[in-house]
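Here is the structure we will look at, set down as structure tokens.
The values are calculated or read from the model by the stated rules, or taken from the named source; none is laboratory data. Since we're looking at a predicted model, the values are computed, not measured. Neighbour counts are summed over all protein chains in view; Cβ atoms, including those assigned to glycine, are modelled from backbone coordinates with ideal geometry.
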Amino acid sequence: MSVIKKLAVLTSGGDAPGMNAAIRAVVRAAIFRGIEVVGIRRGYQGMIEHDFLPLQSKDVSNIIQRGGTILCTARSKDFKTVEGRRKAFRNLEKEKIDACVVIGGDGSFNGAAVFSEEHDIPFVGIPGTIDNDLFGTDYTIGYDTALNTIVEAVDRIRDTASSHERLFFIEVMGRGAGFLALHSGIATGAEAILLPEVDNDEEHLHQYLINQGNKKSNIILVAEGNNVGGAQAIADRCKKELKDYDIRVNVLGHIQRGGSPSAFDRFLASRLGVASVEALIDNQRSIMVGFVNHDIVHVPFNKTIHSSKNLNHILLDVADILAH
Ligand code: F6P
């Protein structure tokens, strides 16, 4: 039997499709191992405000296919303070919680790492963000669904782009990381992809557009966090210099974060959810459970927080070769 008798699960940071599937997996894996489970609503803010609810197996029925998070989520400013974290710990003590699973991104893991250094409580993290920007895992929960949502949206815009011979600048999410933009750009046959990781040369893009002759229908994917100032800004500059083009802008926004998770995200969330409970039972703490080469790995929080995940540069070449 595990020394853990009661475990808490929370979602933190931006919601991502597949978080519910991960909650379900954590709850059911814990119950299977004889551990009681409590859900914490609204991430760390709910931990501070004692917003807890007991979770039974039936409470997580019929959620594997739902986007968002049934526990709600937040980016808590109070948890960044010593006093906030003290309050949070008092509430965990009151509830007799022995360990926590946090589903979120690097900000959430950073909070967990600081918290468990100050207070003696084990934390395991499950990577959940559409950005796929966490070091130590090939995929984060929500990325595959968001990627497919982008591809579907860009395909639709492509219909208008070719029918009207227009040049579209489409901005996609990813914070400071270009995984969504690069992969969706290749998958949609984008003519150019502007990424935060690359020193984008606007002049080079202008020359490319000028030299391509009669081709008027183009899709340029712009990752947010790029160095060109966003899709609208670069489109405004292009409008002045490339008068032959009929230019439009589309910022996909939060449509990328919602929706029913893909089969892959449900599968990933299920595996990572079970792995997180097993890790806690094995006395692991302050680690993220990740998925590398289709296998579960354990990555210390400090490593995933302080290392950056790089884009595969071969893919930059692939995108470039195929755009010509
Ligand atoms: O981290 C997920 C993400 O969707 C990023 O891609 C984006 O930069 C950010 O969250 C948007 O956050 P918010 O929903 O708080 O505006």
Does Ile63 fit the bill of being surrounded by fewer than 24 Cβ atoms within 10 Å (Cβ to Cβ), of a type outside the set (D, E, K, R), more than 16 Å from the ligand (Cβ to nearest atom) and assigned to a loop (DSSP other than H, G, I, E, B)? yes
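For (1) away from the ligand (no atom under 16 Å from the Cβ); (2) outside any helix (DSSP H, G or I), each residue gets a yes or a no:
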site	(1), (2)
Leu167	yes, yes
Gly174	no, yes
Ala190	yes, yes
Asn200	yes, yes
Ile220	yes, yes
Ala235	yes, no
Lys239	yes, no
Gly259	no, yes
Phe264	yes, no
Within segment 122-148, restricting to residues that are over 21 Å from Ile281 (Cα atoms) and in a strand (DSSP E or B), the one that is farthest from the ligand (Cβ to nearest atom) is Ile141
Any hit, segment 46-55, residues being within 16 Å of the ligand (Cβ to nearest atom), crowded, with 17+ Cβ neighbours inside 10 Å and within 24 Å of Ile305 (Cα to Cα): no
Pro196 vs (1) outside any loop (DSSP other than H, G, I, E, B); (2) in contact with a strand residue (DSSP E or B) (Cβ under 8 Å, 6 or more places away or on another chain); (3) modelled with pLDDT under 95: all pass except (1)
Item checked: Boolean, Ser116 is part of a helix (DSSP H, G or I) and at pLDDT below 95 -> yes
*Going by the conditions given, is Glu191 at pLDDT below 95 and farther than 30 Å from Ile40 by Cβ?*
yes
Flagged in segment 138-170 as surrounded by fewer than 24 Cβ atoms within 10 Å (Cβ to Cβ), closer than 30 Å to Val114 by Cα and in contact with a helix residue (DSSP H, G or I) (Cβ under 8 Å, 6 or more places away or on another chain), in numbering order, are Tyr139, Asp144
